[in-house]
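Heads up, the thing below is written out as structure tokens.
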Amino acid sequence: MTADCIFCRIIKKESEAEIVYEDEEILAFKDIYPAAPVHLLIVPRRHIPTLADLEAGDTMLMGRLISVANDLARAFNLDQSGYRLVINCGKEGGQLVYHLHLHLLGGKALSPAIAEGRGV
Ligand code: 5GP
Ligand code: ZN
């Protein structure tokens, strides 16, 4: 727990969020500024600042984060249409909140900008 971390505050239920999933090590909630009709954030309860701070023992946790994201994609009816998982890492990776999180985006045709080398 980091006192000034907004996601830690959400995890501790000290800040409001629309929680859509939780278990003993993972929480998922709606992004406050959705970039798509479905925009969820999947976060570990443990405060891990960035993707680059993962350690060897976190492999199972990362697998579970992706698995929860896939389950949520099904629950939000995105599994047939498709969806995107994004992890921003660090300043130039566009990370704004320094508590590791996966963005699950879907519900519309997302721009293929990254794959085409645009928008990067
Ligand atoms: P990042 O750029 O760090 O990958 O993304 C952080 C995301 O967290 C942004 O999409 C932003 O809208 C979202 N966010 C920031 N503060 C809050 C908050 O207090 N509540 C919720 N639900 N989402 C937040
Ligand atoms: Zn945190």
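The values are calculated or read from the model by the stated rules, or taken from the named source; none is laboratory data. Note that the structure is a prediction, hence the values are computed from the model and not measured. Every residue, glycine as well, gets a Cβ built from its backbone with ideal geometry; the counts of neighbours run over all protein chains shown.
The residues listed here are L61, L78, L85, L65; of these, the one that is aliphatic (A, V, I, L, M), part of a loop (DSSP other than H, G, I, E, B) and surrounded by 15 or more Cβ atoms within 10 Å (Cβ to Cβ) is L78. From the list H103, H99, pick out the single residue that is closer than 30 Å to E55 by Cβ, touching a His at 6+ places or on another chain (Cβ under 9 Å), not in a strand (DSSP E or B) and not small (G, A, S). Criteria check complete, one pass: H99.
For the range 29-50, which residues satisfy the criterion of being farther than 13 Å from A73 by Cβ, hydrophobic (A, V, I, L, M, F, W, C) and surrounded by 16 or more Cβ atoms within 10 Å (Cβ to Cβ)? Matches in the range 29-50: F29, L41, V43, I48. Within the range 5-25, residues that are farther than 21 Å from A73 by Cβ and modelled with pLDDT of 95 or more reach partners that are basic (K, R) and within 11 Å of ligand 1 (Cβ to nearest atom) with beta carbons closer than 9 Å, at six or more positions or on different chains, in the pairs S15/R9. A residue that is without any contact (Cβ under 8 Å) to a residue 40 or more places away in the chain, at positive phi and more than 14 Å from ligand 1 (Cβ to nearest atom) can be found somewhere in the range 66-88. Among the criteria (1) away from ligand 1 (no atom under 11 Å from the Cβ); (2) free of Cβ contacts under 8 Å to residues at least 12 places away in the same chain, the one L96 does not fulfil is (1).
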